[in-house]
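Below: one structure, written as structure tokens.
The values are calculated or read from the model by the stated rules, or taken from the named source; none is laboratory data. Given the structure is predicted, the values throughout are model-derived calculations rather than measurements. Note that each Cβ is placed from the backbone with ideal geometry, even for glycine, and that neighbours are counted across all protein chains shown. The area values use the complete protein model at the heavy-atom level, side chains included, leaving out ligands, DNA and RNA. Shrake-Rupley method; radii C 1.70, N 1.55, O 1.52, S 1.80 Å.
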Amino acid sequence: MEQWLVGVDLGGTTVKLAFVNMYGEIICKWEIPTDKSEQGKHITTHIAKAIDEKLRELDESKERLVGIGIGAPGPVNMATGDIYEAVNLGWKNYPLKDRLEMETGLPVVVDNDANIAAIGEMWKGAGDGAKNLILVTLGTGVGGGVIVNGQIVHGTNGAGGEIGHITSIPEGGASCNCGKTGCLETIASATGIARIATERLQQMNEPSCLQDVWKTSGTVTAKDVFDAAKENDTLALQIVDEVTFHLGLALANLANGLNPEKIVIGGGVSKAGDMLAQAVARHFKRFAFPRVAEAADIVIATLGNDAGVIGGAWLVKENIV
Ligand SMILES: [Zn+2]
């Protein structure tokens with residue numbers, strides 16, 4: 001009987017689940033809403049029930065399942081599988097591994113959500129098997145995962161790969177959720193790009209199709225900026241240049257210490273595609289040590305929302321099988 005791995009990507013709004021075979025192919029994927037009530041105490045029960053219901057639906061038994069690999073939105077204590085803190089779930093020092101093992105009767109491996117996305121892209125996505133890889137995800141925030149010699153870098157207390165909090169503006173930058181100012185996240189996240197665009201629009205009155213968007217809808221999104229840039233809108237091109245300058249600079253500084261083979265850009269903003277990758281690569285080349293620049297390929301993530309569940313499955317394959 002073919003054995004299946006269970007990948008779980010636990011987010012603030014939805015829990016994505018998948019049964020994945022040993023080759024990293026998704027057999028079945030689905031999602032359930034994240035129940036954040038009562039400090040997130042029902043989340044593990046809901047995951048256990050969702051797995052049982054899906055097995056019943058497929059007329060399969062639990063024998064098929066090897067274990068669960070789950071990514072959680074917060075730093076993880078790798079020795080215990082506890083989550084130090086997941087603010088948007090209401091968890092503090094939460095024993096995720098223990099709870100989920102108890103509820104499901106299956107062995108569980110826990111890691112951070114950005115890290116499992118990086119692993120997913122390494123295994124089946126844009127990483128194309130590269131063992132030295134950096135993933136940067138540009139979404140509401142900026143997340144990151146660093147893989148060295150095929151292993152995720154967790155660091156001393158679970159905060160390895162926090163690329164979003166590399167300082168881009170040393171003095172006078174915008175406030176970041178982490179408590180600092182001027183973090184890369186304040187510039188290169190979807191939120192950051194929209195903030196910069198709004199500021200520019202408030203300061204100037206030159207014709208730009210972003211002006212029209214702003215005046216009609218009252219807001220400008222990162223997608224509006226990239227769409228306008230593709231139409232050669234001057235203001236939009238300036239904003240894209242500013243954002244990709246900071247991304248290229250931060251990634252080059254990081255890469256100078258790691259010498260990666262692939263730098264994968266994921267998250268909602270990465271839908272901007274080649275235009276984004278090429279602009280980042282142009283700035284990256286200026287700031288990277290020549291041999292580092294030569295080796296590093298800057299590409300757009302290919303797995304989209306599936307990266308997390310595939311990375312979760314890989315954790316099971318690596319650690320339990
Ligand atoms: Zn920060």
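Overview of results
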item: Conditions (1) open to solvent by 20 Å² or more (accessible area, probe 1.4 Å); (2) at pLDDT below 95: number failed by Gly144; result: (1)
item: Breaking point among (1) free of Cβ contacts under 8 Å to residues at least 12 places away in the same chain; (2) open to solvent by 60 Å² or more (accessible area, probe 1.4 Å), for Val153; result: (2)
item: Condition met for Leu249 (under 25 Å from Ile298 (Cα atoms), touching a Ser or Thr at 6+ places or on another chain (Cβ under 6 Å) and not basic (Lys, Arg)); result: no
item: Count of residues meeting criterion [more than 26 Å from the chain's Cα centre (by Cα) and under 15 Å from Ala72 (Cβ atoms)] in the stretch 40-60; result: 0
item: Sole exception among (1) surrounded by fewer than 20 Cβ atoms within 10 Å (Cβ to Cβ); (2) within 16 Å of the ligand (Cβ to nearest atom); (3) charged (D, E, K, R) for Glu185, by number; result: (1)
item: Subset of the stretch 235-249 (residues that are under 15 Å from Thr198 (Cα atoms) and surrounded by fewer than 19 Cβ atoms within 10 Å (Cβ to Cβ)); result: Leu237, Gln238, Glu242
item: Residue check for Gly173: within 26 Å of Lys223 (Cβ to Cβ), in a loop (DSSP other than H, G, I, E, B), within 16 Å of the ligand (Cβ to nearest atom) and without any contact (Cβ under 8 Å) to a residue 60 or more places away in the chain; result: yes
item: Of all residues in the stretch 250-259 being touching a residue at least 12 places away in the same chain (Cβ under 8 Å) and either surrounded by fewer than 24 Cβ atoms within 10 Å (Cβ to Cβ) or out of contact with any Leu (no Cβ under 6 Å at 6 or more places or on another chain) (or both), the one that is nearest to Ala190 (Cα to Cα); result: Leu251
item: Residue within the stretch 233-252 that is assigned by the TED database to the domain that holds Ala295, among the small types (Gly, Ala, Ser) and touching an Asp or Glu at 6+ places or on another chain (Cβ under 6 Å) present; result: no
item: Residue match in the stretch 192-211 (condition: within 16 Å of the ligand (Cβ to nearest atom), open to solvent by 70 Å² or more (accessible area, probe 1.4 Å) and within 27 Å of Gly266 (Cα to Cα)); result: yes
item: Unique residue being within 10 Å of the ligand (Cβ to nearest atom) and either assigned to a strand (DSSP E or B) or under 23 Å from Val280 (Cβ atoms) (or both) when the list is Gly164, Gly144, Gly160, Gly179; result: Gly164
item: Condition met for Ile119 (outside the structural domain of Leu258 (by the TED database) and more than 16 Å from the ligand (Cβ to nearest atom)); result: yes
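Residue-by-condition table, conditions (1) in contact (Cβ under 8 Å) with a residue 24 or more places away in the chain; (2) among the small types (Gly, Ala, Ser); (3) outside the structural domain of Gly160 (by the TED database); (4) open to solvent by less than 60 Å² (accessible area, probe 1.4 Å):
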{"site": "Lys29", "(1), (2), (3), (4)": "yes, no, yes, no"}
{"site": "Ile32", "(1), (2), (3), (4)": "no, no, yes, yes"}
{"site": "Lys54", "(1), (2), (3), (4)": "yes, no, yes, yes"}
{"site": "Ala72", "(1), (2), (3), (4)": "yes, yes, yes, yes"}
{"site": "Tyr84", "(1), (2), (3), (4)": "yes, no, yes, no"}
